1. Quick check on my filter: what residues within region 47-67 are hydrophobic (A, V, I, L, M, F, W, C) and crowded, with 20+ Cβ neighbours inside 10 Å?
2. On the given criteria, is Leu116 at pLDDT below 95 and aliphatic (A, V, I, L, M)?
3. For region 121-139, how many residues are touching a residue at least 40 places away in the same chain (Cβ under 8 Å) and loosely packed, with under 15 Cβ neighbours inside 10 Å?
4. Looking at region 79-101, which of the residues that are touching a residue at least 40 places away in the same chain (Cβ under 8 Å) and not aliphatic (A, V, I, L, M) is surrounded by the fewest Cβ atoms within 10 Å (Cβ to Cβ)?
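The values are calculated or read from the model by the stated rules, or taken from the named source; none is laboratory data. Since this is a predicted model, take the numbers as computed values, not measurements. Heads up, the Cβs are rebuilt from the backbone with ideal geometry, glycines too, and the neighbour counts pull from every protein chain shown.
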Amino acid sequence: MHPSNSPAGRLAAVGNQMIEIHLWLSAELARLRASPDTPSRDLRAHCLTFCAALGRHHTGEDAGAFHLLAEQVPELRPVIANLITDHQVVAGILERVEALLGGDTAVPVAQLRAELDGLAALLESHFRYEEKRLVTALNALTGQPGTTEDLLGLSAPPHVTR
């Protein structure tokens with residue numbers, strides 16, 4: 001369900017849209033992890049695109065949804081602090097993945113796979129915790145200016161299923 005374009009409707013289901021974004025990001029990461037052992041130009045491009053999207057999502061949450069929730073639901077501040085810490089750990093992994101893919105030399109496949117496996121494990125836990133603790137509060141946000149992209153860094157992709 002996607003909300004209407006009215007100011008109240010735009011945020012009526014932002015928690016559900018966060019779940020859709022998480023599902024899409026998880027599916028993209030699974031595609032990367034299932035890629036052949038020989039990195040190609042397409043794999044590099046896909047991986048870097050994924051890293052950028054995940055980074056935008058976490059940056060958007062930190063500045064958008066988390067900021068708004070911290071103001072409106074102060075009891076969530078410790079949860080938000082934990083999630084921001086996770087975002088910093090994820091950013092470090094993304095930097096290492098980008099460094100592995102960024103050079104003109106051969107990609108150390110085992111090291112890349114290890115980073116992607118670690119990222120997948122962390123994100124699985126992070127996404128479930130975030131959803132469990134924030135979806136209800138996010139869905140309760142109404143009448144706020146902005147869009148899902150403003151709050152979550154990305155728009156919910158269409159037709160995502162778990």
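1. Within region 47-67, Cys47, Cys51, Leu54, Ala65, Phe66 qualify.
2. Yes.
3. Residues that pass the stated criteria total 3.
4. Ranking the candidates gives Asn82 first.
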